[in-house]
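Report on one structure; see the data block that follows.
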Amino acid sequence: MFAESQLWAPNPSPALVDPLALPPAAWLTALASMPGAGPRRLARLLRRWPDPAEAWRAILEGDPTDIHHTLGKRNTPLVDSWRRFVAANDVAELWQLSSDCGIGAVGCTSPAFPSMLADDPDPPAVLFHLGNPDVIAGPRVGIVGTRKCTRYGHDIAKTFGRDLALAGVAVVSGLALGVDAAAHQGAVDAHAAPPIAVVANGLDSVYPRRNRQLWTDVAEAGVVLSEAPYGQSPERWRFPARNRIIAALSDIVVVVESHERGGSMHTVTEAALRDVPVMAVPGPIHSSAAEGTNELLRDGCAPACSVDDVLIELGMVASGRESSAETRPDPTGQQRQVLDALGWLPATAEQLLGRLRWSVAELGACLVALETAGWIVETNGWFERVARG
Amino acid sequence: MLATVASASLSGAQGWPVGVEVHVSGGMPSFSIVGLPDTSCREARDRVRAALLSCGMEWPMQRITVNLSPTGVPAGGAGLDLAIALAVLVASEQITPLAITSVGALAELGLDGTLRPVPGVLPLVDVIAADTVVVARSNHIEADLVAPGLVRSVHTLGELIDILTGDVAWPAPPEAPEVADEPNHPDMADVRGQFFARFALEVAAAGGHHLLFVGPPGGGKSMLARRLVGLLPPLDREQSLLVSRIHSAAGELLPSRGFIRHPPFRAPHHGASSVSLIGGGTASMRPGELSLASDGVLFLDELGEFGPSTLDALRQPLEEGVVRVARAHGSATFPANVLLVGAMNPCPCGGAGSPGGCRCSEAARSRYHRRISGPLLDRFDLRITVARPEPAELLSTEAGEATSEVRDRVLRVRAIAAERGTPPNGQLSPLELESVAPLTAGARAVLEQALAEQQLSARGLHRVRAVSRTVADLLGDEGELEAEHVQTALVLRTDPLAGGRPRRRQHVR
């Protein structure tokens, strides 16, 4: 069924396309592009008219009462705006634009619709995909966390992403900045199990743009999914909606680092609604970026201290992977003192100087040498320790 | 009859000699000023007339023409009042021409005949070619600085007429008030802890490197920046004269009525317009904050709140050390040799500053960071992230090193630069750096590594070398730069705003 979209080679001249020759994905794209066509309304339409082309025609030519009836509520302005949209837009043209970007679509009534989403209490009506959607089959773990992560969270997300992929588990995440991107980067670098991304905007554009390369890599190695049709910008409400899909797709959700409130905590709530187990990575108690995860642990979440914890929770055998050998040059005595003074929380040069009471030149020499050796990393004037990779 | 009195008018920070010519002849009573006078000069008629009548003189009921020569140069300011009054008196034959031979006049007149001070008397008096220059009493000491012995001052026009026409002696010059010469800059001893920022201040002062503090509110950025000016060497005579001229031209009061001998400190509010910062203006060319801070410190607090175009206007003057303001009616060149110190929050919320501590949206952060353009950020050789001091440091009773001690080290480094015959390290050209700052193999390796990791641009490389030189000078290490010096310079130049966001969405494929 997914292959269907590929059977239909895009026609160079949309005006000449026979409407009957268009694949269902084309009609789904057109229907999802209508203003105010959210997942619930679309699902009602598709249950009433399993063939999306018929739903389109019903809106265009059918009796409006029928549509009101299908929606379960009289909503004249909405139906009028749909009629106007349907009358003004050419399905073939919309499909041409969308398929030129390589975007495929599948409806909730189709047998190809992922089963765990079809059984969901709040399923997406149409799922757009970039890449190979068949990869959704295997075990999947959602890795989520804050956009404003510390080096600690970034490193853990990357390691978890890499090791889970190596263990054959698909990493599900949101391709946002911070933890999401780190997890996917790890999964992509592993060249093993395919990564799955769920994003909030139309698949024709990259958001956030800084993840452009990663986005392409994920689409090539795995799949990028979205509920939003071609050309849709990432509106605010689409992010929580995206989180519910991440929760629904995951067998386990691992929160790597999260503030007290934020998107990750919303994903946790959605996971709880679906009985998806949630695991949290413990963080330093002073770090505001770990407040949410530590709170989850206090509430009884299982701690994820290593990838093996996650694999065991999944019912898989622990990878038994030894953490890789230390390849970095041993720090000198002075450098060791700097590492001890730094600990595992970010610190400025000023704070280190206060703790060590050295001269600036002594500290500067150690910091640059440690950074070159890969023991620490500097971001915006803050130094953070890097764990063994 | 015709009379001429020498005076002067201000254009930018520069005085221009103006000859005030008055012609009184028969005809319908009238008064006209020609020679591109500005508004306050045009209004001189009413002030001069009232002042003359108040002193018991007569206002000639004849045709009076005032010409300000050279006629092509715009002349302005109320400072020409006294010259017009004297010329009218001579031209209407109320006093003899001999009385005003080689007398220059530079004062505004009150309606009661009092002489009032004018701004910019320093550059003005300098250009008047006369044996005696009459100014208002409160301008006397300032004017005397550039023209010692020539300046005379009186209280009223009546008094002046008595002196010029009779045997009355000039009144004694006013006494300069006794004011301590030491400026009361805040002292470095008040700073608790903050050793890294203190070192950065020392490097900035020693090498003349621009400095940027980034940190959360309450971290002490402004407190530190205000202590920098105390570390700078006192101005030499030439600088002192230049700085005093600029301040005088801007109508600023000079300290204890004398030369400015200490580096100025200017901290304009972030609402400043670019004209107020750079200089210029529609009516007159006034020096901006940038020039008023010349040879001292220009402190821009809340750098992220300044208008982006205002900040970018600073780039060229910072590079060249002068600012050239051009307007339709003329242009002016002001000095702009400042040590720039910026302070800003890491993001709009200020946050804890630390990674993971900020609550701003990505969009808000990137909007904030875009206000500081890359080229401007590049001008800052030293970029220091300031965190809130740790409680033990704040409560420590241990006083920091005092300003005077740190300044001694700064002066030593400046002396080293002077011995080498080069400008302060911050202004070394790449060519000069080659000879002044040779590298050891170790230092070269550190720089190569930084270049390979794309931490440094070609321009950044030069700046790091210049800072390394200052660090080495401060540590008393002459000769080649060691790895340690370069590493210290690199730690002093972290990028506090890395990770700017793109502006537009972009389509894939």
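One table, with the values for the structure above:
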quantity	calculated
Positions within the stretch B:414-425 being loosely packed, with under 13 Cβ neighbours inside 10 Å and either within 14 Å of another protein chain (Cβ to nearest Cβ) or among the hydrophobic types (A, V, I, L, M, F, W, C) (or both), in sequence order	B:ALA415, B:ALA418
Pick from the stretch A:165-177, criterion away from every other protein chain (no Cβ under 14 Å) and buried (at least 23 other Cβ atoms within 10 Å of the Cβ), ranking: farthest from A:HIS129 (Cα to Cα)	A:ALA167
Condition broken by B:ARG152, with the remaining ones in (1) among the charged types (D, E, K, R); (2) in contact (Cβ under 8 Å) with a residue 12 or more places away in the chain; (3) open to solvent by 70 Å² or more (accessible area, probe 1.4 Å); (4) under 21 Å from B:ALA50 (Cβ atoms) satisfied	(4)
Test: residue in the stretch B:314-324 that is assigned to a loop (DSSP other than H, G, I, E, B) and crowded, with 17+ Cβ neighbours inside 10 Å	yes
The listed residue being in contact (Cβ under 8 Å) with a residue 24 or more places away in the chain and in contact with a His (Cβ under 6 Å, 6 or more places away or on another chain), out of A:THR159, A:THR146	A:THR146
Selection within the stretch B:173-213 - outside any helix (DSSP H, G or I) and modelled with pLDDT of 90 or more	B:GLY208, B:HIS209, B:HIS210, B:LEU211, B:LEU212, B:PHE213
Count - residues of the stretch A:370-389 that are open to solvent by 40 Å² or more (accessible area, probe 1.4 Å) and at the interface with chain B (Cβ under 10 Å from one of its Cβ atoms)	4
Odd one out for B:ALA336 among (1) touching a Pro at 6+ places or on another chain (Cβ under 9 Å); (2) within 14 Å of chain A (Cβ to nearest Cβ)	(2)
Residue in the stretch A:337-349 that is open to solvent by 30 Å² or more (accessible area, probe 1.4 Å) and modelled with pLDDT of 90 or more present	yes
Check on A:SER13, at pLDDT below 85 and either touching a helix residue (DSSP H, G or I) at 6+ places or on another chain (Cβ under 7 Å) or among the β-branched types (Val, Ile, Thr) (or both)	no
In the stretch A:178-203, the residues that are surrounded by fewer than 24 Cβ atoms within 10 Å (Cβ to Cβ) and of a type in the set (Asp, Glu)	A:ASP189
Residues of the stretch A:186-210 satisfying the condition of being of a type in the set (A, V, I, L, M, F, W, C), without any contact (Cβ under 8 Å) to a residue 60 or more places away in the chain and within 14 Å of chain B (Cβ to nearest Cβ)	A:ALA197, A:VAL199, A:ALA200, A:VAL206
Sole exception among (1) more than 31 Å from the chain's Cα centre (by Cα); (2) among the polar types (S, T, N, Q); (3) within 25 Å of B:PRO37 (Cα to Cα) for B:ASN139, by number	(1)
In the stretch A:147-164, the residues that are within 14 Å of chain B (Cβ to nearest Cβ), of a type in the set (Gly, Ala, Ser) and within 16 Å of the chain's Cα centre (by Cα)	A:ALA157
Subset tally (residues that are in a helix (DSSP H, G or I) and within 18 Å of B:ILE161 (Cβ to Cβ)) for the stretch B:45-69	8
Residue among A:GLU313, A:GLU291 that is within 14 Å of chain B (Cβ to nearest Cβ) and either touching a Phe, Trp or Tyr at 6+ places or on another chain (Cβ under 7 Å) or charged (D, E, K, R) (or both)	A:GLU291
Qualifying residue in the stretch A:169-176 (condition: outside the structural domain of A:PRO35 (by TED's automatic domain parsing) and part of a helix (DSSP H, G or I))	no
Qualifying residue in the stretch A:225-244 (condition: within 13 Å of chain B (Cβ to nearest Cβ), closer than 17 Å to A:HIS154 by Cα and touching a residue at least 24 places away in the same chain (Cβ under 8 Å))	no
Filter result for B:ASP131 (surrounded by fewer than 23 Cβ atoms within 10 Å (Cβ to Cβ) and either touching a residue at least 40 places away in the same chain (Cβ under 8 Å) or farther than 21 Å from B:VAL22 by Cα (or both))	no
Qualifying positions in the stretch A:350-368 - open to solvent by 20 Å² or more (accessible area, probe 1.4 Å), assigned to a helix (DSSP H, G or I) and more than 7 Å from every other protein chain (Cβ to nearest Cβ)	A:ARG355, A:LEU356, A:GLU362
Selected residue (only one of B:SER291, B:SER240, B:SER222, B:SER244 is more than 14 Å from chain A (Cβ to nearest Cβ), open to solvent by 20 Å² or more (accessible area, probe 1.4 Å) and small (Gly, Ala, Ser))	B:SER222
Wholly within the stretch A:60-164, helices (runs of 4 or more DSSP H) carrying at least 3 residues that are crowded, with 22+ Cβ neighbours inside 10 Å and in contact with a Phe, Trp or Tyr (Cβ under 9 Å, 6 or more places away or on another chain)	A:91-100
One residue from A:ASP180, A:ASP217 being in a helix (DSSP H, G or I), within 14 Å of chain B (Cβ to nearest Cβ) and closer than 14 Å to A:VAL141 by Cα	A:ASP180
Residue in the stretch A:245-264 that is least open to solvent (accessible area, probe 1.4 Å), counting only those that are within 14 Å of another protein chain (Cβ to nearest Cβ) and assigned to a helix (DSSP H, G or I)	A:SER264
Boolean, A:THR269 is surrounded by fewer than 20 Cβ atoms within 10 Å (Cβ to Cβ), among the hydroxyl-bearing types (Ser, Thr, Tyr), assigned by TED's automatic domain parsing to the domain that holds A:ALA165 and not in a loop (DSSP other than H, G, I, E, B)	yes
Boolean, B:GLU108 is without any contact (Cβ under 8 Å) to a residue 12 or more places away in the chain, within 28 Å of the chain's Cα centre (by Cα) and farther than 30 Å from B:ARG379 by Cβ	no
A:VAL338 closer than 16 Å to B:GLN487 by Cα and touching a residue at least 60 places away in the same chain (Cβ under 8 Å)	no
Matching residues in the stretch B:425-458 - criterion: being under 30 Å from B:ASN337 (Cβ atoms) and of a type in the set (Ser, Thr, Tyr)	B:SER429, B:SER435, B:SER457
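The values are calculated or read from the model by the stated rules, or taken from the named source; none is laboratory data. Just so you know, these numbers come straight off a predicted model, no measurement behind them. Don't worry about glycine lacking a Cβ; one is built from the backbone with ideal geometry, like all the others, and counts go over all protein chains shown. For the accessible areas, the whole protein counts, side chains as well, though only heavy atoms, and no ligand, DNA or RNA atoms are used. Shrake-Rupley method; radii C 1.70, N 1.55, O 1.52, S 1.80 Å.
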